[in-house]
Amino acid sequence: MTLSIPDYILAIDPYVPGKPLEELERELGIRDSIKLASNENPFGSSPRALAAIQQTLSNLHRYPDAAAYGLVHRIADKLAVAPQAIVLGNGSDELIAMIARVFLRPGDTALIPQPGFQMYEIMVRCCGATTCGVPLAAMTTDLAAIQGHITPSTRLIFLNNPHNPSGTIFSRADFERFLDALPAGIVLVLDEAYIEFVRDPTCPNGLAYLQCGKPIICIRTFSKAYGLAGLRIGYAMMPSNLAELLHRIRQPFNVNSLAQAAAMAALEDDAFLAKTIEHVHAELDFMYAYLEQLGIGYFKSQANFFLIDVGKDANAVFEALLREGVVVRPMTSYALPDFIRVNVGLHHENVRFLEALSRVLG
Ligand SMILES: *Cc1c(COP(=O)(O)O)cnc(C)c1O
């Protein structure tokens, strides 16, 4: 059988996910390993969210609320945006896919920071469009360079603040300059997956620009600060005319009922969120100080993870740490071959990682 597959599908490199801990442990014959590779919440999920899931279990034979009325209104109240401005996704990954499908045709271009979150490129290429990667400058999103790469084929720009994997941010002043110069006809996507962890007061809040008159979409997620990565739920805020477009292609039941219930409860659990953020800040400072004592380079981060300069092949360091039972993310595939990315774990996990790293780096 001869299938005719679009060239742009064949050109996509499959996403390589991290191996589950259980599989790694079996392969390496180790136990009690720790995972600091996917920017997950070290405290697990909000207990209120877990209780809400329990209560929803008896209704799993019902389809979820296609409009997610309760959750949309809870988010609207909390963030002071109109319910018509909100679109939910099966993780923000799905929102990125929906945005690409709505705004891109084959031949169009999307600008993305490079290195950057790999989902942007995959979703853009699924539409037959192409990405243009704009290098970071000094490990920070280079807004002036992105502006300089705009061409008549540019339809979409993805920004990610704080940026994954660098952990750095661009400032409100730089962002406003960029926004002022943004030509009409380009949709700006501001992915704020880590916004809850930001300490730097110069960081812009995407929600403040939804009414600036330009097409801007602000994406956030329950996967990181709220500890619900396994449930898959993200949310996006945008002018309501853009939301209407996304709703046309949104699968009606894209957010399952457990995710809706858990997210509603998690939004109410201010204590869990505050505890998470406080812990991340304290532990980042602890880890920075430890690395400084060892003379190991790193980048200060506004997220719940940071980059460490291991000064040699990151894959080799990754493998050596694995044998110590510590899973981190080597940045080789992000064209940062000397860097690993590590997220904040529980205190004893961070200590174990730092001790293992100092052994591995000698
Ligand atoms: C983790 C992450 C997300 C969130 O993805 P979900 O699909 O919501 O789990 C989005 N953008 C970036 C840059 C991320 O690192």
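The values are calculated or read from the model by the stated rules, or taken from the named source; none is laboratory data. Quantities reported herein were computed from a predicted structural model and do not represent experimental measurements. Cβ sites come from the backbone with ideal geometry, for glycine too, and all protein chains shown count toward neighbours. Each accessible area value is taken on the protein alone, full model and side chains, heavy atoms only, with ligands, DNA and RNA left out. Shrake-Rupley method; radii C 1.70, N 1.55, O 1.52, S 1.80 Å.
Could you tell me which numbered condition residue 265 fails, if it satisfies all but one of (1) in contact (Cβ under 8 Å) with a residue 12 or more places away in the chain; (2) closer than 25 Å to residue 360 by Cβ; (3) surrounded by 15 or more Cβ atoms within 10 Å (Cβ to Cβ)?
With (1) in contact (Cβ under 8 Å) with a residue 12 or more places away in the chain; (2) closer than 25 Å to residue 360 by Cβ; (3) surrounded by 15 or more Cβ atoms within 10 Å (Cβ to Cβ) applied to residue 265, the lone miss is (2).
Among the residues of the stretch 37-70 satisfying the criterion of being more than 22 Å from residue 89 (Cβ to Cβ) and outside any helix (DSSP H, G or I), which is farthest from the ligand (Cβ to nearest atom)?
Restricting to residues being more than 22 Å from residue 89 (Cβ to Cβ) and outside any helix (DSSP H, G or I), the top hit is 61.
Note down all Cβ pairs under 8 Å where the first residue falls in the stretch 76-104 and is more than 13 Å from the ligand (Cβ to nearest atom), the second is polar (S, T, N, Q), and they're at least six residues apart or on different chains.
82/240; 84/240; 85/240
Working only within the stretch 149-163, note down all residues that are open to solvent by 10 Å² or more (accessible area, probe 1.4 Å) and either at positive phi or in contact (Cβ under 8 Å) with a residue 12 or more places away in the chain (or both).
Scanning the stretch 149-163 gives 149, 150, 151, 153, 155.
Residue-wise test of (1) in contact with a helix residue (DSSP H, G or I) (Cβ under 9 Å, 6 or more places away or on another chain); (2) open to solvent by 60 Å² or more (accessible area, probe 1.4 Å); (3) at pLDDT below 95; (4) of a type in the set (Lys, Arg).
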site: 298; (1), (2), (3), (4): yes, no, no, no
site: 303; (1), (2), (3), (4): yes, no, no, no
site: 306; (1), (2), (3), (4): yes, no, no, no
site: 337; (1), (2), (3), (4): yes, yes, no, no
site: 352; (1), (2), (3), (4): no, yes, no, yes
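Within the stretch 109-148, count every residue that is in contact with a Lys or Arg (Cβ under 9 Å, 6 or more places away or on another chain) and either hydroxyl-bearing (Ser, Thr, Tyr) or crowded, with 18+ Cβ neighbours inside 10 Å (or both).
Matching residues across the stretch 109-148 total 7.
How many residues are open to solvent by 100 Å² or more (accessible area, probe 1.4 Å), at pLDDT below 85 and hydrophobic (A, V, I, L, M, F, W, C) when one looks only at the stretch 4-28?
Residues in the stretch 4-28 being open to solvent by 100 Å² or more (accessible area, probe 1.4 Å), at pLDDT below 85 and hydrophobic (A, V, I, L, M, F, W, C): 1 in total.
Filter the stretch 188-244 down to residues that are surrounded by fewer than 18 Cβ atoms within 10 Å (Cβ to Cβ), over 20 Å from residue 163 (Cα atoms), touching a helix residue (DSSP H, G or I) at 6+ places or on another chain (Cβ under 7 Å) and not hydrophobic (A, V, I, L, M, F, W, C), then give me how many there are.
Selection size over the stretch 188-244: 2.
Please go through the stretch 165-186 and pick out each residue that is open to solvent by 10 Å² or more (accessible area, probe 1.4 Å) and either β-branched (Val, Ile, Thr) or within 16 Å of the ligand (Cβ to nearest atom) (or both).
Selection gives 168, 169.
Identify the single condition in (1) touching a Leu at 6+ places or on another chain (Cβ under 6 Å); (2) in a helix (DSSP H, G or I) that residue 341 does not satisfy, given that it satisfies every other one.
(2)
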